[in-house]
(Lines give C-alpha, C1' and ligand atoms only; values in the text may rest on other atoms or scores of the structure.)
Protein backbone atom coordinates (compact mmCIF):
# COMPACT_ATOMS: atom_id res chain seq x y z
CA UNK A 1 0.00 0.00 0.00
CA UNK A 2 1.23 3.47 -0.82
CA UNK A 3 0.10 6.58 0.97
CA UNK A 4 -0.43 9.44 -1.43
CA UNK A 5 -0.93 13.05 -0.48
CA UNK A 6 -4.34 14.33 -1.49
CA UNK A 7 -5.62 17.85 -1.80
CA UNK A 8 -4.90 19.95 1.26
CA UNK A 9 -1.95 17.78 2.28
CA UNK A 10 -4.06 14.92 3.67
CA UNK A 11 -2.84 11.38 3.15
CA UNK A 12 -4.92 8.65 1.58
CA UNK A 13 -4.28 5.02 0.80
CA UNK A 14 -3.73 3.73 -2.68
CA UNK A 15 -3.15 0.03 -2.95
CA UNK A 16 -0.47 -1.10 -5.35
CA UNK A 17 0.39 -4.40 -3.73
CA UNK A 18 3.65 -5.58 -2.23
CA UNK A 19 5.32 -6.50 -5.50
CA UNK A 20 3.75 -4.00 -7.86
CA UNK A 21 6.27 -2.08 -9.88
CA UNK A 22 3.63 -0.24 -11.88
CA UNK A 23 -0.11 0.06 -11.87
CA UNK A 24 -0.21 -2.22 -14.89
CA UNK A 25 0.98 -5.16 -12.79
CA UNK A 26 -1.90 -4.82 -10.34
CA UNK A 27 -4.73 -7.32 -10.32
CA UNK A 28 -8.10 -7.25 -8.56
CA UNK A 29 -6.85 -9.40 -5.68
CA UNK A 30 -4.43 -6.63 -4.66
CA UNK A 31 -7.15 -4.10 -3.92
CA UNK A 32 -8.58 -4.06 -0.42
CA UNK A 33 -12.37 -4.35 -0.25
CA UNK A 34 -13.94 -0.98 -1.16
CA UNK A 35 -15.84 -1.13 2.14
CA UNK A 36 -12.56 -1.02 4.06
CA UNK A 37 -11.28 1.95 2.07
CA UNK A 38 -14.61 3.77 2.51
CA UNK A 39 -14.50 3.06 6.26
CA UNK A 40 -11.04 4.64 6.41
CA UNK A 41 -12.38 7.86 4.90
CA UNK A 42 -15.54 7.71 7.02
CA UNK A 43 -13.35 7.56 10.12
CA UNK A 44 -11.62 10.74 8.95
CA UNK A 45 -15.04 12.35 8.46
CA UNK A 46 -16.05 11.40 12.00
CA UNK A 47 -12.85 13.03 13.26
CA UNK A 48 -13.84 16.33 11.68
CA UNK A 49 -12.32 16.32 8.21
CA UNK A 50 -14.29 18.17 5.55
CA UNK A 51 -16.71 15.93 3.67
CA UNK A 52 -16.05 17.71 0.37
CA UNK A 53 -12.28 17.46 0.78
CA UNK A 54 -12.62 13.74 1.52
CA UNK A 55 -14.82 13.24 -1.53
CA UNK A 56 -12.18 14.95 -3.65
CA UNK A 57 -9.50 12.69 -2.18
CA UNK A 58 -11.53 9.56 -2.93
CA UNK A 59 -12.49 10.54 -6.46
CA UNK A 60 -10.05 10.62 -9.35
CA UNK A 61 -10.06 14.05 -11.02
CA UNK A 62 -11.56 14.03 -14.52
CA UNK A 63 -8.33 15.27 -16.08
CA UNK A 64 -6.36 12.42 -14.51
CA UNK A 65 -8.98 9.82 -15.48
CA UNK A 66 -9.01 11.11 -19.06
CA UNK A 67 -5.22 10.95 -19.25
CA UNK A 68 -5.20 7.41 -17.84
CA UNK A 69 -7.83 6.24 -20.31
CA UNK A 70 -5.97 7.80 -23.26
CA UNK A 71 -2.85 5.82 -22.36
CA UNK A 72 -1.75 3.70 -25.27
CA UNK A 73 -1.55 -0.04 -24.67
CA UNK A 74 1.65 -0.43 -26.66
CA UNK A 75 3.47 2.18 -24.55
CA UNK A 76 2.40 0.71 -21.21
CA UNK A 77 0.95 -2.80 -21.62
CA UNK A 78 -2.01 -3.45 -19.37
CA UNK A 79 -2.30 0.10 -18.06
CA UNK A 80 -5.62 1.11 -19.68
CA UNK A 81 -7.36 -1.97 -18.23
CA UNK A 82 -5.80 -1.34 -14.84
CA UNK A 83 -6.83 2.32 -14.98
CA UNK A 84 -10.44 1.29 -15.65
CA UNK A 85 -10.34 -1.07 -12.64
CA UNK A 86 -8.94 1.67 -10.41
CA UNK A 87 -11.54 4.19 -11.59
CA UNK A 88 -14.38 1.73 -10.97
CA UNK A 89 -12.93 0.87 -7.57
CA UNK A 90 -12.71 4.55 -6.55
CA UNK A 91 -16.33 5.08 -7.70
CA UNK A 92 -17.39 2.16 -5.47
CA UNK A 93 -15.45 3.61 -2.53
CA UNK A 94 -17.08 7.01 -3.08
CA UNK A 95 -20.59 5.51 -3.28
CA UNK A 96 -20.06 3.56 -0.05
CA UNK A 97 -18.58 6.62 1.67
CA UNK A 98 -21.57 8.74 0.60
CA UNK A 99 -23.95 6.07 1.94
CA UNK A 100 -22.13 6.00 5.30
CA UNK A 101 -22.21 9.79 5.56
CA UNK A 102 -25.92 9.95 4.68
CA UNK A 103 -26.68 7.20 7.21
CA UNK A 104 -24.78 9.09 9.90
CA UNK A 105 -26.64 12.28 9.02
CA UNK A 106 -30.00 10.48 9.26
CA UNK A 107 -29.08 9.15 12.71
CA UNK A 108 -28.03 12.62 13.88
CA UNK A 109 -31.35 14.10 12.71
CA UNK A 110 -33.34 11.54 14.71
CA UNK A 111 -31.58 12.48 17.93
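The values are calculated or read from the model by the stated rules, or taken from the named source; none is laboratory data. This is a predicted model, so every value here is computed, not measured. We place every Cβ from the backbone using ideal geometry, glycine too, and count neighbours over all the protein chains shown.
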Tell me the helices (runs of 4 or more DSSP H) entirely within segment 48-111 that contain at least 1 residues that are touching a residue at least 12 places away in the same chain (Cβ under 8 Å), touching a strand residue (DSSP E or B) at 6+ places or on another chain (Cβ under 8 Å) and under 20 Å from residue 35 (Cα atoms). 51-58
So residue 34, is it modelled with pLDDT of 95 or more, surrounded by 13 or more Cβ atoms within 10 Å (Cβ to Cβ) and touching a helix residue (DSSP H, G or I) at 6+ places or on another chain (Cβ under 8 Å): yes
